[in-house]
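The values are calculated or read from the model by the stated rules, or taken from the named source; none is laboratory data. The structure displayed is predicted, hence computed values, not measured ones. Cβ placement follows ideal geometry from the backbone for every residue including glycine, while neighbour counts extend to all protein chains displayed.
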Amino acid sequence: MLQIFAKKHKGFTLIELLVVIAIIGVLSSVVLVSMGGARKKARDARRQTDMKQVSTSQEMYYTDHEAYVTAPASTGGTEVIPDIGTYLTNIADPKSGSVYVWLPNDVATVDTSCTVGDYFCAYATLEGPTDTTYFLVSENGTKISTTTPVVAANYGVIGAGGHCVCF
């Protein structure tokens with residue numbers, strides 16, 4: 001009588017194991033696909049944090065030296081954010097490893113009416129919502145823009161001499 005209720009075999013059949021493995025595979029692929037958007041957002045958040053760090057380091061430098069760090073245009077290629085001594089070391093894009101963009105802020109490359117050390121501009125290209133979304137940082141704060149940043153003279157903002165702005 002006890003042998004009727006006892007199982008004769010133990011374990012799972014091959015088909016049961018294959019079904020479980022297939023279900024796990026489908027679920028993991030769905031999770032990985034849905035994580036792609038979160039990864040983009042995380043990299044964009046890192047870029048924005050890096051740009052805010054550039055702003056903070058520039059403000060600390062300004063407090064000590066009464067001018068922002070200046071850097072002229074490079075002889076070729078994209079300008080890079082300069083090392084600001086102990087305030088900021090090299091930072092790079094989390095996806096590509098390339099450097100963020102620094103717009104030259106010496107008088108010769110922008111406008112002779114701009115005062116050296118009165119402004120700075122750097123930006124990072126974000127991955128979303130479009131491929132041409134930029135996160136800008138300057139002495140005026142931060143801004144998200146869909147147009148390529150440039151430094152230009154903005155006459156009349158500060159007295160008679162004009163002032164260069166990034167956005």
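Taking the conditions exactly as written (within 21 Å of the chain's Cα centre (by Cα) and either hydrophobic (A, V, I, L, M, F, W, C) or under 30 Å from Ala71 (Cα atoms) (or both)), does Arg39 satisfy them or not?
Here the answer is no, as Arg39 does not meet what is asked.
Does Met51 satisfy the criteria of being within 19 Å of the chain's Cα centre (by Cα), among the aliphatic types (A, V, I, L, M) and surrounded by 15 or more Cβ atoms within 10 Å (Cβ to Cβ)?
yes
Does at least one position in region 59-71 carry a residue that is β-branched (Val, Ile, Thr) and surrounded by 13 or more Cβ atoms within 10 Å (Cβ to Cβ)?
yes
Specify the residue that is modelled with the highest pLDDT; the eligible residues are those in region 123-167 that are at positive phi and outside any strand (DSSP E or B).
Of everything passing the filter in region 123-167, Gly162 is modelled with the highest pLDDT.
Lys95: charged (D, E, K, R) and outside any loop (DSSP other than H, G, I, E, B), yes or no?
no
Residues to consider are Thr63, Thr75; find the one that is among the polar types (S, T, N, Q) and modelled with pLDDT of 90 or more.
The conditions single out Thr63.
Filter region 78-100 down to the residues that are under 18 Å from Gly117 (Cα atoms) and of a type outside the set (Ser, Thr, Tyr), then identify the one that is modelled with the lowest pLDDT.
Glu79
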